[in-house]
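Reading through the structure tokens given below for one structure.
The values are calculated or read from the model by the stated rules, or taken from the named source; none is laboratory data. Treat the numbers as computed from the prediction; the structure is a model and nothing was measured. Cβ atoms come from the backbone with ideal geometry, glycine included; neighbour counts cover every protein chain shown. Accessible surface is based on the protein model in full, side chains and every heavy atom, while ligands, DNA and RNA are left aside. Shrake-Rupley method; radii C 1.70, N 1.55, O 1.52, S 1.80 Å.
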Amino acid sequence: MSIDENSPTPLYRQVEEAILQLIDNGEYKPGTKIPTEGELCERFGVSRVTVRKALGPLADKGVLERRTGKGTFVAEKRLSRSLSTVMSFSDMCRMQGCHPGARTLRLDLTEPEDDDLKRLRLSDDTEHILLLQRLRYADSMPVMIETTKFPESFIFLMDEDLDDSSLYELLAKHDIRMTFSRKMLDIKLANYKESKYLKVPDRHPLLRIDSAAESADGRFVHLTHQLCVADRFKLYI
């Protein structure tokens with residue numbers, strides 16, 4: 001996009017729109033550093049004051065991120081998520097124009113903890129529950145480690161292909177539909193293993209969401225523990 005000095009649109013606004021266009025067409029990709037102010041001055045043929053005036057609104061809108069001592073970067077795309085509704089991760093991604101993905105990290109029967117028995121409404125003599133752990137992706141970027149616990153009656157999931165699949169869509173095939181959930185939210189710092197899976201630095205902030213979901217008739221319950229990359233999500237109630 002060329003800058004037209006004779007246009008009624010202010011120069012800084014033209015530069016702002018040009019940078020947005022470069023982000024949209026993929027020349028400036030999310031997470032990458034954009035050219036310096038001097039380089040942008042040279043590219044668009046404008047003053048440093050004009051470039052700074054163009055970058056300001058983009059930073060205020062969250063399109064760009066200024067990092068002290070490092071420069072200005074294109075902000076990573078954030079997923080908006082409601083804490084007050086029950087929605088699959090896959091549906092959430094699709095609604096926001098992202099392609100959902102999943103990779104199974106663990107799927108087995110395991111011995112339940114006392115809290116699992118209580119929250120899953122199981123008897124004290126229950127020997128096993130089903131544990132599913134997956135790495136979740138949005139547009140091929142890892143954004144969440146999701147660990148879900150089910151009563152042993154959900155063992156049919158071991159015969160399903162859980163990679164790149166929607167868990168709630170698979171459950172619906174068995175006439176199981178979760179309609180209500182309780183959630184608890186806090187922050188933790190990624191350990192070494194979590195940081196490697198999520199491709200973030202060690203001790204990077206993660207949103208930890210613990211939830212218990214149940215079907216409308218209350219017959220089916222599962223527990224989910226999600227570790228979300230904090231700067232890749234926006235949460236609202």
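Rundown of residues vs (1) surrounded by 16 or more Cβ atoms within 10 Å (Cβ to Cβ); (2) under 21 Å from Thr85 (Cα atoms), yes/no style:
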position: Asp124; (1), (2): no, no
position: Ile129; (1), (2): yes, no
position: Leu132; (1), (2): yes, no
position: Thr148; (1), (2): yes, yes
position: Met158; (1), (2): no, no
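Farther than 29 Å from Asp175 by Cα, in contact (Cβ under 8 Å) with a residue 60 or more places away in the chain and β-branched (Val, Ile, Thr) - does that describe any residue in the range 217-231? Give the derivation first.
From the range 217-231, those farther than 29 Å from Asp175 by Cα are 229-231; that's our starting set.
Filter again for in contact (Cβ under 8 Å) with a residue 60 or more places away in the chain, leaving 229, 231.
Right, trim to β-branched (Val, Ile, Thr) and you get 229.
Scanning the range 217-231, I find at least one residue that is farther than 29 Å from Asp175 by Cα, in contact (Cβ under 8 Å) with a residue 60 or more places away in the chain and β-branched (Val, Ile, Thr), so the answer is yes.
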Legend entry - Filter result (modelled with pLDDT of 85 or more, open to solvent by less than 50 Å² (accessible area, probe 1.4 Å) and small (Gly, Ala, Ser)) within the range 69-89: Gly71
Inset, instruction - Report, by residue number, each residue of the range 198-237 that is over 30 Å from Lys61 (Cα atoms), open to solvent by 20 Å² or more (accessible area, probe 1.4 Å) and not acidic (Asp, Glu). - result: Ala216, Gly218, Arg219, Phe220, His225
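Among the residues of the range 23-54 satisfying the criterion of being closer than 19 Å to Lys77 by Cβ and in contact (Cβ under 8 Å) with a residue 12 or more places away in the chain, which is farthest from the chain's Cα centre (by Cα)?
Start the filter on the range 23-54 by keeping residues that are closer than 19 Å to Lys77 by Cβ, which leaves 23-34.
Right, trim to in contact (Cβ under 8 Å) with a residue 12 or more places away in the chain and you get 23, 28-34.
On the way: Ile23: 20, Tyr28: 21, Lys29: 17, Pro30: 14, Gly31: 14, Thr32: 18, Lys33: 21, Ile34: 23 Å.
Among those residues, the one meeting the criterion is Ile34.
Are any of the residues in the range 115-130 β-branched (Val, Ile, Thr) and in contact (Cβ under 8 Å) with a residue 40 or more places away in the chain? Break it down into steps so the answer makes sense when it comes.
So in the range 115-130, the residues β-branched (Val, Ile, Thr) come out as 126, 129.
Among the residues that remain, those that are also in contact (Cβ under 8 Å) with a residue 40 or more places away in the chain are: none.
Within the range 115-130, none of the residues are β-branched (Val, Ile, Thr) and in contact (Cβ under 8 Å) with a residue 40 or more places away in the chain.
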Inset, instruction - Determine if the range 104-117 includes at least one residue that is among the basic types (Lys, Arg) and assigned to a strand (DSSP E or B). - result: yes
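Sort out which residues of the range 24-49 are among the β-branched types (Val, Ile, Thr) and open to solvent by 30 Å² or more (accessible area, probe 1.4 Å), and write them in order of number.
The initial filter retains those residues of the range 24-49 that are among the β-branched types (Val, Ile, Thr), namely 32, 34, 36, 46, 49.
Hits for the range 24-49 are Thr32, Thr36, Val49.
Please return the ranges of strands (runs of 3 or more DSSP E) entirely within the range 164-237 where 3 or more residues are small (Gly, Ala, Ser) and closer than 16 Å to Thr85 by Cα. Quick ask: steps written out before the conclusion?
Details: elements: 178-189, 205-215, 221-229, 233-236.
Qualifying strands (runs of 3 or more DSSP E): 205-215.
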Legend entry - Residue pairs meeting the criteria (Cβ under 6 Å; at least 6 apart or on separate chains; first more than 14 Å from Glu111 (Cα to Cα), in the range 149-162; second surrounded by fewer than 16 Cβ atoms within 10 Å (Cβ to Cβ) and not aliphatic (A, V, I, L, M)): Leu162/Thr104
